[in-house]
Amino acid sequence: MDNFNFYSPTEFVFGKDRENEAGELIKKYGGTKALVHFGGNSAKKSGLLDRVTASLASAGVEYVLLGGVKPNPRDTLVYEGIEICRKENIDFIISVGGGSVIDSAKAIAAGAVYEGDFWDFYSGKAAIEKALPVATVLTIAAAGSEGSGDSVVTQEKTGLKRGAGSSALRPRFSIMNPVLTFTLPPFQTACGAADIMAHVFERYFTNTLEVEITDRLCEAVLATMVKEAPRVIADPCNYEARANIMWAGTVAHTNICGVGRSQDWNSHNIEHELSGLYDVAHGAGLAVIMPAWMEYVMPHNPMRFAQMANRVFGCHMNFERPEETAINGIRAFRRFLKDLGLPINFEELGAKEEDIPVLVKNFGIGEGRTGGFVALSAEDIANIYKIAANAKL
Ligand code: NZQ
Ligand code: ZN
């Protein structure tokens, strides 16, 4: 196991009706005037936004509303949010929504206390050292942004989707009420499940040896998803299944499953070019990319894939030919995604094979290589897009 620091300062406030504590929690963490950031219509329609603002009002926390975050959040609204924070002397940001709203809130939080252009953080020109405090009321189990120090934003004019990270972006608190996820359309629930599993796979496929504890934690999250995701698709208001998935989403991405081991992250970066170019849901893009990536890199360590196949999907372990078990596991994973209602190839996703050169160009590694499990070249990435384009069950 490698040396590591694990810093996860977020207070997770989990369970029914907990959104009514938002105001008191903001006060506890020193906020006096909050920006309440939200997305399209879901939080308004469900009455959640009213409950959160009522909680702020009764705790004596002033607030300003800023809605309109789109999935794959755009830089344009971030600039607007930064202006509001400065003009209104905002000292706390609370996001009410999913990963897109949280990531937009984090970008605003970092940008509001930075003299330059906030995009510097996302283009790699500057590192985030400080930010306004951020908190979340989570409405979808997916991105894990409620417990992560990461934020992903799309630049409207170029379609480039880029990430930034800092401990300063880790939420002060995250309110997680599984009931809030009952209203999710099945497709969004499925996208969330794919993303949660992807966050584990990025960490599970490692070159670090003797990492039994994190291997087993990863497998626990994956096996939980295999059990619970079909359950919520069939029965969207199943509290226990929703609760297990919600916590799985957080455990998948706080990095508790990934400490002390090398991590990969190529599936995510390869996917980000798809959601950047076509504005598809991140989880849907991952459903197309992840099995393709697995097929391509499996020969690097067939036994690791066979272990996953056996422990997560219950495939028979063939110790003499672990490649066989590995392939069965990847097939089982693709079938599982399809059964959840997710796309598994370019056509189903709404992407085009002839755009592969553009996707690879946007990926922007030139002659270099990237990835912690298998270091891929631009040619390898093009090959993975090709497998993804034509995948079948
Ligand atoms: O805008 P509204 O009306 O709220 O609708 C949203 C949106 O259309 C809807 N929704 C959310 N909660 C709902 C609901 N509809 C009904 N009932 C509810 N309870 O769901 C749609 C998708 O929301 P979004 O926030 O985009 O989903 P998700 O949480 O999957 O976030 C995706 C974004 O997170 C990024 C992705 O790249 C993508 O941009 N990621 C962020 C990470 C991080 N910060 O650590 C890590 C991830 O790997 C990921 O890259
Ligand atoms: Zn993700």
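The values are calculated or read from the model by the stated rules, or taken from the named source; none is laboratory data. Because the structure is predicted, anything quoted here is derived from the model rather than measured. Cβ atoms come from the backbone with ideal geometry, glycine included; neighbour counts cover every protein chain shown.
Computed quantities for the displayed model
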item: From the options GLY39, GLY98, residue that is touching a Gly at 6+ places or on another chain (Cβ under 8 Å) and within 16 Å of ligand 2 (Cβ to nearest atom); result: GLY98
item: Scan of the stretch 147-170 for residues that are over 15 Å from the mean Cα position of the chain (by Cα) and either outside any helix (DSSP H, G or I) or assigned by TED's automatic domain parsing to the domain that holds SER275 (or both), ordered by number; result: GLN155, GLU156, LYS157, THR158, GLY159, LEU160, SER166
item: Test set (1) part of a helix (DSSP H, G or I); (2) loosely packed, with under 15 Cβ neighbours inside 10 Å; (3) not basic (Lys, Arg) - ALA193 fails condition number; result: (2)
item: Test: residue in the stretch 28-40 that is crowded, with 22+ Cβ neighbours inside 10 Å and assigned to a helix (DSSP H, G or I); result: no
item: Residue that is among the acidic types (Asp, Glu), surrounded by fewer than 18 Cβ atoms within 10 Å (Cβ to Cβ) and either in contact (Cβ under 8 Å) with a residue 40 or more places away in the chain or outside any helix (DSSP H, G or I) (or both), where the choices are GLU354, GLU323, GLU367, GLU295; result: GLU367
item: Within the stretch 78-117, tally of residues that are within 12 Å of ligand 1 (Cβ to nearest atom) and either surrounded by fewer than 24 Cβ atoms within 10 Å (Cβ to Cβ) or not in a strand (DSSP E or B) (or both); result: 10
item: Residues of the stretch 340-393 satisfying the condition of being at pLDDT below 95 and out of contact with any helix residue (DSSP H, G or I) (no Cβ under 8 Å at 6 or more places or on another chain); result: GLY364
item: Residue satisfying condition, being away from ligand 2 (no atom under 13 Å from the Cβ) and assigned to a helix (DSSP H, G or I), within set THR183, THR214; result: THR214
item: Yes/no for VAL153 being of a type in the set (A, V, I, L, M, F, W, C) and within 16 Å of ligand 2 (Cβ to nearest atom); result: yes
item: Subset of the stretch 130-146 (residues that are part of a strand (DSSP E or B) and either over 30 Å from SER46 (Cα atoms) or of a type outside the set (Ser, Thr, Tyr) (or both)); result: VAL134, ALA135, VAL137, LEU138
item: Residues of the stretch 154-209 satisfying the condition of being more than 30 Å from ALA309 (Cβ to Cβ) and among the basic types (Lys, Arg); result: LYS157, LYS161, ARG162, ARG170, ARG172
item: Members of the stretch 47-66 that are more than 26 Å from ALA110 (Cβ to Cβ) and surrounded by 16 or more Cβ atoms within 10 Å (Cβ to Cβ); result: ARG51
item: MET308 assigned to a helix (DSSP H, G or I), without any contact (Cβ under 8 Å) to a residue 40 or more places away in the chain, more than 14 Å from ligand 2 (Cβ to nearest atom) and more than 17 Å from the chain's Cα centre (by Cα); result: no
item: Subset of the stretch 241-289 (residues that are part of a loop (DSSP other than H, G, I, E, B) and within 11 Å of ligand 1 (Cβ to nearest atom)); result: THR254, ASN255, TRP265, ASP279, VAL280, ALA281
item: Where a residue in the stretch 36-58 is within 7 Å of ligand 1 (Cβ to nearest atom) and its partner, wherever it lies, is aromatic (Phe, Trp, Tyr), with Cβ under 7 Å and at least six apart; result: none
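Let's see how each residue does on (1) under 29 Å from SER145 (Cβ atoms); (2) under 19 Å from the mean Cα position of the chain (by Cα); (3) β-branched (Val, Ile, Thr):
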position: THR250; (1), (2), (3): yes, yes, yes
position: ILE270; (1), (2), (3): yes, yes, yes
position: GLY285; (1), (2), (3): yes, yes, no
position: MET290; (1), (2), (3): yes, yes, no
position: ARG304; (1), (2), (3): yes, no, no
position: HIS316; (1), (2), (3): no, no, no
position: PHE319; (1), (2), (3): no, no, no
position: GLY329; (1), (2), (3): yes, no, no
position: ARG335; (1), (2), (3): yes, no, no
